[in-house]
Amino acid sequence: MQHQTEPRTPQPAPGAAPDDGPAPGTRTGDELESAILGLLDRRAADASICPSEVARAVAGDGDWRALMEPVREAARRLTRDGTVEITRGGEVVEPGTGKGPVRIRRGRR
């Protein structure tokens with residue numbers, strides 16, 4: 001009897017940054033980042049959006065809830081160059097820290 005092994009999922013190196021999901025340049029990453037920026041462009045300059053708005057816009061009739069973490073990851077990528085800020089209770093927070101609902105707004109560069 002042959003024993004089959006499951007393919008191994010690559011593990012990050014110790015001390016490596018966590019995976020932030022689809023990298024820029026992939027369809028999903030680009031699509032989510034574009035959706036974030038597109039929704040912000042249709043709002044007042046000081047307005048913010050909820051990540052669920054982005055997920056719903058991209059998913060259409062599909063399962064938008066499955067896109068929530070990828071949307072948050074896309075927002076985190078956009079914070080790196082100051083394009084957007086992530087806020088909680090109106091205050092800017094470090095991406096990926098703390099618990100609770102967040103919003104996304106244009107960066108204040």
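The values are calculated or read from the model by the stated rules, or taken from the named source; none is laboratory data. Note that the coordinates shown come from a computational prediction; the quantities given were computed from them, not determined experimentally. Every residue, glycine as well, gets a Cβ built from its backbone with ideal geometry; the counts of neighbours run over all protein chains shown.
A few notes on this one:
- Inter-residue pairs, beta-carbon under 6 Å, first over 7 Å from residue 104 (Cα atoms) and in the stretch 43-57, second among the small types (Gly, Ala, Ser), 6+ apart: 54/35; 57/35
- Those residues of the stretch 90-109 which are over 15 Å from residue 69 (Cα atoms) and surrounded by 10 or more Cβ atoms within 10 Å (Cβ to Cβ), in sequence order: 92, 93, 105, 106, 107
- Qualifying positions in the stretch 47-75 - of a type in the set (Val, Ile, Thr) and either surrounded by fewer than 16 Cβ atoms within 10 Å (Cβ to Cβ) or assigned to a helix (DSSP H, G or I) (or both): 54, 58, 71
- Flag if residue 79 is buried (at least 17 other Cβ atoms within 10 Å of the Cβ) and of a type in the set (S, T, N, Q): yes
- Residues of the stretch 83-99 classified as free of Cβ contacts under 8 Å to residues at least 60 places away in the same chain, in a loop (DSSP other than H, G, I, E, B) and within 14 Å of the chain's Cα centre (by Cα), total: 4
- Within the stretch 14-30, the set of residues being surrounded by fewer than 17 Cβ atoms within 10 Å (Cβ to Cβ) and either at pLDDT 55 or above or among the β-branched types (Val, Ile, Thr) (or both) comprises 26, 28, 30.
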